[in-house]
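Here is the structure we will look at, set down as structure tokens.
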Amino acid sequence: MFALLALKYYRWDSVNDGMIESGFRSVVQDRYSDIMSEYRHESANRARAAGHNIPDTDNHFAIMRDFEPITFNEDVWKDLCKYWDTDAWRKKSAAGRANRIRDDDAGTVSRHTGGSRGYDQYRLELQKEMKRIPTFLEFFLITHLTAEAKKKFKAKDYDTI
């Protein structure tokens, strides 16, 4: 895939081939699961549009295999749906989902709560609001606390967070 993109769409000095291919592979590896999730979502939406009842919280691969995403090869899509429709894949997917949503002893989920803003933008806004550079702990807490806990933190009510 990299060679096709390099030959068809982009040009650079061949001295940089190794570094550029490494960067490409890194991005693809990082984004692969998100891209595949988007394809599954597109397939489910196409199946719903055709009259099938597929809940947002579940994938019905036996139905979805007939509704490959627009840019996807039909045979490859059917093979992927067959793989995704196994207990082994569902178990692995559930474990990954659980690992991404870990909660503490109080049942509070710890994840980034800054919305669509990136950390750099959030840090700059927080620095402007605080009129100083926030400590690592302050920055971590403000980007991971619930809305209610953030209010208490900003009010310096640390004992009730």
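Compute the acute angle (0 to 90°) between the alpha-carbon long axis of helix 17-49 and the principal axis of greatest extent of the alpha-carbon atoms of the chain; round to the nearest 10°.
Orientation of helix 17-49: about 80 degrees from the principal axis.
In which sequence would 79, 56, 66 go, from the one with the fewest C-beta neighbours within 10 Å to the one with the most? Write down the numbers at each step before the final one.
Working: 79 12, 56 9, 66 15.
Ranked by crowding around the Cβ, least crowded first: 56, 79, 66.
Which value, in debye to the nearest 20, describes the size of the charge dipole of the chain about its Cα centre when Lys and Arg Cβ atoms bear +1, Asp and Glu Cβ atoms bear -1, and nothing else is charged? Before the final figure, lay out each step's value.
On the way: 27 positive and 26 negative charges, 105 e Å.
In debye, rounded to 20, the chain gives about 500.
Enumerate lysine pairs in the chain that are 8 or more residues apart or on different chains, then count those whose Cα atoms are under 26 Å apart.
Taking the chain as the scope, the lysine pair count is 14.
Residue farthest toward the positive end of the dipole of the chain, with Cβ of Lys/Arg at +1 and Asp/Glu at -1: which of 69, 118, 136?
136
Bear in mind that the values in this text are calculations on the coordinates, not laboratory data. What you see is a predicted model; the values in this text were computed from it and never measured. Reconstructed Cβ throughout: ideal geometry from the backbone, glycine too, with neighbour counts over all protein chains shown.
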